[in-house]
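The values are calculated or read from the model by the stated rules, or taken from the named source; none is laboratory data. Predicted model only: the values in this text are computed from it and were never measured. Glycine also receives a Cβ, built like all others from the backbone with ideal geometry; neighbour counts cover every protein chain displayed. Side chains are part of the model used for accessible areas, which takes the heavy atoms of the whole protein and leaves out ligands, DNA and RNA. Shrake-Rupley method; radii C 1.70, N 1.55, O 1.52, S 1.80 Å.
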Amino acid sequence: MDKYIWLIPILPLAGFIINGIGRNALPKAFIGFLASFLVLVSFGLSIGAFLQVQHTGQFPAHLFNWFSVLEFKVSFDFLIDQLSSIMLLIITGVGFLIHLYSIGYMKDDAGFGKFFAYLNLFIFFMLLLVMGSNYLVMFIGWEGVGLCSYLLIGFWYSNPAYADAAKKAFIMNRIGDLGFIIGIFILIVFFGSANFADIFPKAATPQYATTTPYVVITLLLFVGAVGKSAQLPLFTWLPDAMAGPTPVSALIHAATMVTAGIYMIARSNILFTLAPVTLHVIAIVGLTTAVVAALIALSQTDIKKVLAYSTVSQLGYMFLGLGVGAYTGAFFHVLTHAFFKALLFLGAGSVIHGMSGEQDMRKMGGLRSKLPITFITMLIGTLAISGIPPFAGFFSKDEILAHTFTYSKSMYAIGVITAMFTSFYMFRMLYLTFWGKFRGTHEQEHHLHESPASMTIPLIVLAILSIVGGFIGIPDSLWSGHHILGKFLSPVFTNSAAILKEVSSSQSTEITLMAISVGGALIALVYAYLRYVKNAHVPVADEEERPALASLSYHKFYIDELYDTIIRKPLDFLSDFFYRVIDKLGIDGIVNGIGKGTMESSKGLRLLQTGNVGYYIFMMVVGIISILFYIVFKK
Amino acid sequence: METLTHNIQAIPLNHYILLSSIIFSIGVIGVLIRRNAIVIFMSVELMLNSVNLLLAAFSVYRGDATGQVFVFFIMALAAAEVAVGLAIIVMIYRNTNSIDINVLNRLKW
Amino acid sequence: MTVSILIFLPVISALAVLLFKNGATKHAALAFSVAELALAAIFLSRFVPDASIQFAVVAPWIPKLGIYFSAGIDGISMIMILLTNVLVPLIILTTYKHEYKNANAFYALILFMQAGMLVVFTALDGFLFYVGWEAALIPIYFICSLWGGVNRIKVTIKFFIYTFSGSLFMLVGIIYLYLLSPSKTFDLSAFTTTGVVDAHHQAWVFWAFFLAFAIKMPLFPFHTWQPDTYTEAPAAGTMMLSGIMLKMGIYGVIRWLIPIAPLGFQKYEGIVIVLAVIGIVYGSIIAFTQKDGKRLVAYSSIAHVGLIAAGIFGWTTMGLQGAMFQMLSHGINVVGLFFIWDIISSRLNTREVNELGGIAKVAPKFAIAFLIIVLGTVALPLTNGFIGEFMLLNSVFRYNVLLVVSAGSTMIFGAVYMLRMYKKVMQGETNALTAVFADISGSEKLVLGIICALVIIMGIYPQPILHISEAAVNNLVQTVNNKFVQVK
């Protein structure tokens, strides 16, 4: 298997090149087939890799030396272990489903070939990100997915707002990337290498057991994760990223790319474990993001925006999990989230497709009968994300919350409340879309139709995964010894587990905790039902007055406006100031001043030349005499 | 030749120096106060020749011929200078119908 | 086979090009420059990548004054030769769609300038170095002042006087070193011998050379000639200036400034590195709101060169290797960007970014090339910009952890102004002006294709290029480090 590992990322790259070159020449059917097929083959190979990891543990694969300076070498190497093999499965598996879905979703788009080329390119970079055996290969993928995200958000770049959203995503990611790369620099100085295989074993040994550098390193790495995984304060790009086609939102901005931050931290878990300060920061940032994003999601009316904020919120959960030391739990949530969030996005895409491009939930309603498959699958997804057992989200979210409880009771309380919010806004979305009367135009109603099979099959597959996906991580309190995922991943987290003291609550406490969160979710569900179905409440139009708090939530706490005022405008002002005042007047003024000074002084001095020859001769004689005097009377 | 040398040496060197200085000063003053280019030119020659005289005198007194070589050198140079200088003056006269140097005040800035 | 063939071929070419009639001139110039590139390839194939100086030539020139025509190639020079000889044919190719008046003079000047720069990059004799330095300046002066934009005369005079006065300081420095050298020679190796110049005088020598190089690069605050000149010069002239000529300053720092005055460098390292970092942030921020495309690229170039300088002043093998690589990358990318703007302005007669928009829709091939070059410029991994930027930042990081944050802001700011420019020019809806924009064809396609290929290939497999200069750079760093005064 090791010999063919390089094929996993190369196949999508080949797809990118072929589809990229032939994007206008090749028939659409072929483009769609090729792109999906290559990812499917990668998926097959990933299964092979996964099985091999299961049998023999992790294994590396060497490709070529990328660049080197003296002893410092960066090679293009892959490392397949428990963590990356699962990520491989998610990326290629979910990726394949989304490719399949896109064939139907994008079939009328002029940029069909371009879209699949970009999608393949994204898969390539994402695979590099998770397969890299050192931080620099990871960084290639890290920035590469950012590029693809930029390209795909700006896919319909004719709309300036979309182009701006793409730009914003790239730049915000770049802010994080700077932190990431400086973190890598410190790692290189500290360990003399950027290879995982060199760093992690060393870090676990006692002579490297000083906290300070780890705090700095991990905080910087975390800055990278904050950018990529859309945490506070760099989360505003993700909702804007919904400008991209819906399959992109599902693949990049829900299932894979945005979870790269969690993957990276889980990968470097030993460093983070050695820096409890950072872990605490991560927990706080994660929790705050989860709450803020959930609050914003409560009042959004665009179906994709709701899902976007819910993604931010769920990512916050994952960071909370990492922060409280529940590495497995956080990663588990990455996995289940990939299923149900991809499902929800694709479902939303199916709704939008059926509604002829309408995204405003105020114009929807009563779609249950018209889009039955979409409805049922989305219902499953909503149940999963709300944490209702036995759907996938319940297990992973519960694991995070259980760890949070042992870490801090107040954090747990906020976490549960956020979970209630989640349940509320997700069911709000579901009710507004599928229950009640149709509120759109007559024309939309006329066109309303269930999506083609290439779109519904991925929905069904993902729905099944959202139902059963949680069973690989059944908590010990329910059925001891059946946390398959935990066992599988344990080699990755061994060193951390040795340091973190395992504080487990008693079985009864854990079951109580589960009951509380499930109860909370159910209450929110019921409340949403009463409000949006019984009372048929519909969010008010944009221009109408809202209560102060609702308005704050609806306007996303004015965070974009805040950034605009405190960062973008001052920088633009500074730019103008530097250019006009400092550069043109200041520095160039001095330079030109020297030139002008020379001219001016020559203007004065040349008046000495009167043009009178007698005067010249006189001055000459005076000169000669004074020189003579000087020489004679020098001493 | 011997007698000539003797005769020259009969006059004290101081007299030569004095004479040369007077001629030189006349030249300088002539250059400074006259406005006629030809006269100024002649004054310059006067200065040159006063130096020539001095060189010759010293040469004889010290019995060293080098000084006289220089005199010849200066005379040749003066001849060349006169040729060029007069040519310039002629050109000035043709252009301005005057050789008054105060008219030539455009040699400025 | 010595380096003199490499130097004199462009001179002969320049003279030969003068004989051609207008129509055929560009083909002749291209043919000659390609021949020069082929020659460089032969040199490269025979080059042994160790620290030694190869293909050396030493011929008496004015031996009574200790002046020799002494030149040679080591790994560092090899990179510079590659840069020059790859870019000149490309630049000549970019002019294919222009019809210049007196084209034979134009191309002869370009080739002559190439010769001057090759002298700079290979000279081992101070006098020869200075002659090459000025010989490269004179052709670009004529190129800018004869074929430039509206304000060309004023701007070019400023440029000339500015850089020329900088080089005079260097001349003084060179003569001073000549007088100090025991055997009265201009030989570089004599200048770098320990003990020739004491620490106090090294400080003066350092600033004399630094001024010349800092103006040429240009480094903040000696940069104000640069945006104006880049904007007013004809496209090919801008490319010659930004792609190759400014590297003369960087090369000078590596080859002359620091080896000659290591103690002066050690003393003032802090000041110059801070200047370089200020230049990075300053240039980037100004680039944010520039409306003229060429001027925007000019300011971005200040930022990029600032990073190269900062990496060098950090004085680590990695930083220098990064600088060598980044010089190549920057040369390629900046030529690409200026060519992009040349295409736009020759088609639409404007360089105002705000007047443009939506070009990607009507010219997809152009859009792809533009995007790839932009990505190279913002140093995305797997493009050529990343390798250099990574190593340079690493070098700055080893010098000072706080400075690297400022220097690293180029990663963010670069993305801001480049993507802003890309968005305003290429994305959005087309307007009346841009709707008729014709996609690239012929020579444009060839040039941009080559540039894009280089951007990606160098990013994926940089090792062969790094290998050329590694031994020479490491040797240089070690030699200079041994001369530093050990600080307690």
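Numerical summary
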| read-out | value |
| --- | --- |
| Residues that are within 11 Å of another protein chain (Cβ to nearest Cβ) and of a type in the set (Ser, Thr, Tyr), drawn from the range A:599-635 | A:Ser602, A:Thr610, A:Tyr615, A:Tyr616 |
| Scope the range B:47-66; condition farther than 15 Å from B:Ile11 by Cα, more than 14 Å from chain A (Cβ to nearest Cβ) and not charged (D, E, K, R); matching residues | B:Leu48, B:Asn49, B:Ser50, B:Asn52, B:Leu55, B:Gly63, B:Ala65, B:Thr66 |
| Considering residues of the range C:425-440 that are in a helix (DSSP H, G or I) and more than 9 Å from every other protein chain (Cβ to nearest Cβ) only, the residue most open to solvent (accessible area, probe 1.4 Å) | C:Val436 |
| Unique match (being in contact with a His (Cβ under 7 Å, 6 or more places away or on another chain), open to solvent by less than 10 Å² (accessible area, probe 1.4 Å) and among the aliphatic types (A, V, I, L, M)) among A:Ala326, A:Ala348 | A:Ala326 |
| Test: residue in the range A:97-104 that is crowded, with 24+ Cβ neighbours inside 10 Å, of a type in the set (Phe, Trp, Tyr) and away from chain C (no Cβ under 12 Å) | yes |
| Within the range B:39-58, considering residues that are open to solvent by 50 Å² or more (accessible area, probe 1.4 Å) and not aliphatic (A, V, I, L, M), the one modelled with the highest pLDDT | B:Asn49 |
| Neighbours by Cβ (under 8 Å, 6+ apart or cross-chain): first from the range A:612-635, over 20 Å from B:Val103 (Cα atoms); second open to solvent by less than 90 Å² (accessible area, probe 1.4 Å) and in a helix (DSSP H, G or I) | A:Val621/B:Val28; A:Val621/B:Val31; A:Val621/B:Leu32 |
| Output for the range C:120-153, where each listed residue is crowded, with 22+ Cβ neighbours inside 10 Å, touching a Gly at 6+ places or on another chain (Cβ under 7 Å) and aliphatic (A, V, I, L, M) | C:Val120, C:Ala123, C:Leu124, C:Ala136, C:Ile140, C:Ile143 |
| Residues of the range A:154-166 satisfying the condition of being at the interface with chain C (Cβ under 9 Å from one of its Cβ atoms) and either surrounded by fewer than 24 Cβ atoms within 10 Å (Cβ to Cβ) or outside any helix (DSSP H, G or I) (or both) | A:Tyr157, A:Ser158, A:Asn159, A:Pro160, A:Tyr162, A:Asp164 |
| Any hit, the range B:76-99, residues being in contact with a helix residue (DSSP H, G or I) (Cβ under 9 Å, 6 or more places away or on another chain), under 30 Å from A:Gly604 (Cβ atoms) and in contact (Cβ under 8 Å) with a residue 60 or more places away in the chain | no |
| Check on C:Val34, modelled with pLDDT of 90 or more and not in a helix (DSSP H, G or I) | no |
| Residues of the range C:390-408 satisfying the condition of being facing chain A (nearest Cβ under 9 Å) and within 22 Å of the chain's Cα centre (by Cα) | C:Phe390, C:Met391, C:Leu393, C:Asn394, C:Gly408 |
| Hey, C:Leu6 of a type in the set (A, V, I, L, M, F, W, C), in a helix (DSSP H, G or I) and closer than 18 Å to C:Met239 by Cβ or not | no |
| Subset of the range C:45-77 [open to solvent by 60 Å² or more (accessible area, probe 1.4 Å), at pLDDT 90 or above and in a helix (DSSP H, G or I)] | C:Ser45, C:Arg46 |
| Hey, A:Val69 closer than 26 Å to C:Met458 by Cα, β-branched (Val, Ile, Thr) and touching a helix residue (DSSP H, G or I) at 6+ places or on another chain (Cβ under 8 Å) or not | yes |
| When residues of the range A:172-199 are limited to those that are open to solvent by 30 Å² or more (accessible area, probe 1.4 Å) and free of Cβ contacts under 8 Å to residues at least 24 places away in the same chain, the one farthest from the other protein chains (Cβ to nearest Cβ) | A:Asp198 |
| Subset of the range A:499-526 [touching a helix residue (DSSP H, G or I) at 6+ places or on another chain (Cβ under 8 Å), among the small types (Gly, Ala, Ser) and open to solvent by 70 Å² or more (accessible area, probe 1.4 Å)] | A:Ser504 |
| Exclusive hit being crowded, with 22+ Cβ neighbours inside 10 Å, among the hydrophobic types (A, V, I, L, M, F, W, C) and either touching a strand residue (DSSP E or B) at 6+ places or on another chain (Cβ under 7 Å) or at the interface with another protein chain (Cβ under 10 Å from one of its Cβ atoms) (or both), set A:Met131, A:Met126, A:Met87 | A:Met131 |
| Hey, C:Thr316 open to solvent by 10 Å² or more (accessible area, probe 1.4 Å), within 14 Å of chain A (Cβ to nearest Cβ) and either farther than 23 Å from C:Ala233 by Cα or touching a residue at least 40 places away in the same chain (Cβ under 8 Å) (or both) or not | yes |
| A:Lys202 being more than 14 Å from every other protein chain (Cβ to nearest Cβ), open to solvent by 10 Å² or more (accessible area, probe 1.4 Å) and free of Cβ contacts under 8 Å to residues at least 60 places away in the same chain | yes |
| Scope the range C:432-488; condition over 30 Å from C:Lys97 (Cα atoms) and basic (Lys, Arg); matching residues | C:Lys483, C:Lys488 |
| Positions within the range C:457-488 being facing chain A (nearest Cβ under 10 Å), over 16 Å from C:Phe390 (Cβ atoms) and open to solvent by 80 Å² or more (accessible area, probe 1.4 Å), in sequence order | C:His467 |
| Filter result for A:Leu607 (surrounded by 13 or more Cβ atoms within 10 Å (Cβ to Cβ), among the hydrophobic types (A, V, I, L, M, F, W, C) and assigned to a helix (DSSP H, G or I)) | no |
| Residues of the range C:368-380 satisfying the condition of being open to solvent by less than 10 Å² (accessible area, probe 1.4 Å) and either on the phi < 0 side of the Ramachandran plot or not assigned by TED's automatic domain parsing to the domain that holds C:Ser284 (or both) | C:Ala369, C:Phe370, C:Ile373, C:Val374, C:Gly376, C:Val378, C:Leu380 |
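One line per residue, one yes/no per condition, for (1) among the small types (Gly, Ala, Ser); (2) surrounded by 24 or more Cβ atoms within 10 Å (Cβ to Cβ); (3) within 12 Å of another protein chain (Cβ to nearest Cβ); (4) not in a helix (DSSP H, G or I):
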| position | (1), (2), (3), (4) |
| --- | --- |
| C:Lys267 | no, no, no, no |
| C:Ile271 | no, no, no, no |
| C:Val274 | no, no, no, no |
| C:Val277 | no, yes, no, no |
| C:Val281 | no, no, yes, no |
| C:Ile286 | no, yes, yes, no |
| C:Leu296 | no, yes, yes, no |
| C:His304 | no, yes, no, no |
